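See structure below.
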Amino acid sequence: MTLAGSLSIDLYHQEGKPCRVAIASSRPIIAASQLLLGKTPKQLLDTVALLFTLCGNAQAYTALLACRAALGIAADPAADNAHTMLVQLETLREHAWPILLTWPGLIGAVPDKKPLAALLQSVALFKQQLFRYGEAFKLDSRAETDIVPLQRLIDGLAALIDTALFNGGLADFQQLRTDAQLRAWLRQSNALPARLLAEVYDREWAASGQNQVACLPPLEAAAWLEYIRQQDLTAFSRLPHWQGRCFETTLLNRQRAQPLIVELQGRYGNGLIVRLVARLLAVADTPTRLRQLLGCQDAGAVSAHSISCDGHALAQIQAARGLLIHRLVLRQNKVYDYRIIAPTEWNFHPDGVAAQSLLQLKPAAPAELKLQAELLLNALDPCVRYTVNLTDSGR
């Protein structure tokens with residue numbers, strides 16, 4: 001029992017110049033919520049684990065936070081840190097996957113599945129070390145973290161990332177601070193991601209897709225709960241907004257403070273090269289974030305927020321593709337209403353960052369438009385399968 005759906009993206013152009021974008025979604029957003037109605041919190045958590053295979057840890061953790069808030073269960077800092085580690089590992093998996101399997105095809109190379117298999121195997125080992133029996137997302141789940149084995153797992157993961165994605169150049173990549181330094185690193189690196197970035201520079205596509213859609217500002221759970229209570233939730237779940245505006249919520253939101261991203265955004269706005277580098281940084285920095293969480297087991301260093309008020313509970317976390325919100329109403333210990341607002345609905349909103357980015361593509365020739373669109377959509381990364389259809393309106 002899984003839910004997915006797909007996106008159909010129609011890009012209309014006149015001799016290669018984009019003029020209109022239409023995005024149609026078949027994502028079963030309402031159906032997912034309806035499947036949860038009438039369930040107890042325990043049944044809800046069991047069902048969420050079955051419904052969502054993509055970003056399953058993020059979905060399960062957000063549901064758990066919402067249930068805990070609704071039931072008045074106190075936070076467990078050690079468990080929350082362990083849960084956040086699982087979400088970070090899932091984020092790594094979701095971004096390493098396209099880098100290793102999709103990026104090669106975009107530059108005419110053949111993907112090697114062995115590094116990805118090794119990376120996925122390494123990621124899978126963590127849950128057993130973080131929670132008893134690997135059961136992480138139950139109301140009574142308790143973290144059982146043994147520091148030494150986890151440190152070894154993180155060290156092994158860092159070595160895999162270095163080898164599989166950076167050909168031994170991870171440390172050098174993490175030291176980059178400027179556009180000039182990045183270009184110099186690309187000239188000497190033979191890593192596959194470096195080849196893709198170099199091609200984007202060589203084709204002068206670094207700023208391609210640059211637009212004025214702003215990143216969603218960080219908001220407390222209380223602000224979201226109050227705002228959502230004023231909305232038509234069926235419409236809001238499909239077409240989310242804040243203060244009447246559509247915002248971007250991608251991994252770029254979380255990487256904007258990185259010195260290299262600050263430099264690149266000053267030159268290229270939120271263009272293609274900025275998004276590709278942000279994805280590489282997200283992968284490269286995962287071991288560091290895991291070590292920070294491992295060293296803060298008693299500090300409650302949690303990247304999630306939840307609240308309950310007047311029978312309405314809300315939880316939010318930063319999932320692999322952006323902000324994920326679950327809103328829950330319990331009555332007589334059963335789900336009366338449940339809503340999920342996922343990043344894809346923000347980013348692939350009719351007026352969202354995907355549509356606006358596609359409209360700003362500027363290929364030198366009509367034949368380049370398809371590749372630019374594929375690169376951009378890969379960087380924006382919807383959580384479902386998608387198709388891109390190009391139509392020349394001038395014919």
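At a glance:
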| item | result |
| --- | --- |
| Test: Val274 is buried (at least 20 other Cβ atoms within 10 Å of the Cβ), part of a helix (DSSP H, G or I), touching a Phe, Trp or Tyr at 6+ places or on another chain (Cβ under 8 Å) and at pLDDT 95 or above | yes |
| Conditions (1) over 29 Å from Leu44 (Cβ atoms); (2) part of a helix (DSSP H, G or I): number failed by Ala257 | (2) |
| Evaluation of Ser306 against (1) out of contact with any Pro (no Cβ under 9 Å at 6 or more places or on another chain); (2) modelled with pLDDT of 95 or more; (3) surrounded by 19 or more Cβ atoms within 10 Å (Cβ to Cβ) (one fails), failing number | (2) |
| Ile99 being hydrophobic (A, V, I, L, M, F, W, C) and at pLDDT below 95 | no |
| Every residue from the stretch 120-142 that is touching a residue at least 12 places away in the same chain (Cβ under 8 Å) and part of a loop (DSSP other than H, G, I, E, B) | Ala136, Phe137, Lys138, Leu139, Ser141, Arg142 |
| In the stretch 171-222, the residues that are within 22 Å of the chain's Cα centre (by Cα), farther than 22 Å from Val353 by Cα and free of Cβ contacts under 8 Å to residues at least 60 places away in the same chain | Ala194 |
| Enumerated helices (runs of 4 or more DSSP H) restricted to the stretch 21-113, each holding at least 1 residues that are under 30 Å from Asp162 (Cα atoms), touching a Pro at 6+ places or on another chain (Cβ under 6 Å) and not basic (Lys, Arg) | 77-101, 103-106 |
| Among the residues listed as Ala313, Ala320, Ala342, Ala367, the single one being more than 20 Å from Leu64 (Cβ to Cβ) and out of contact with any Pro (no Cβ under 7 Å at 6 or more places or on another chain) | Ala367 |
| Residues that are free of Cβ contacts under 8 Å to residues at least 40 places away in the same chain, surrounded by 13 or more Cβ atoms within 10 Å (Cβ to Cβ) and part of a helix (DSSP H, G or I), drawn from the stretch 230-254 | Leu252 |
| Given (1) without any contact (Cβ under 8 Å) to a residue 40 or more places away in the chain; (2) assigned to a helix (DSSP H, G or I); (3) under 17 Å from the mean Cα position of the chain (by Cα), index of the condition Tyr227 fails | (3) |
| Residues being surrounded by 14 or more Cβ atoms within 10 Å (Cβ to Cβ) and part of a loop (DSSP other than H, G, I, E, B) - total across the stretch 143-177 | 5 |
| Residue, surrounded by the fewest Cβ atoms within 10 Å (Cβ to Cβ), within the stretch 49-64, restricted to residues that are farther than 15 Å from Leu36 by Cβ and of a type in the set (A, V, I, L, M) | Leu54 |
| Residue identified as buried (at least 21 other Cβ atoms within 10 Å of the Cβ), out of contact with any Cys (no Cβ under 9 Å at 6 or more places or on another chain), on the phi < 0 side of the Ramachandran plot and of a type in the set (D, E, K, R) among Asp80, Asp46, Asp76 | Asp80 |
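The values are calculated or read from the model by the stated rules, or taken from the named source; none is laboratory data. Keep in mind it's a predicted model, so treat the numbers as computed, not measured. With ideal geometry, Cβ positions are generated from the backbone for all residues, glycine too; neighbour counts draw on all protein chains shown.
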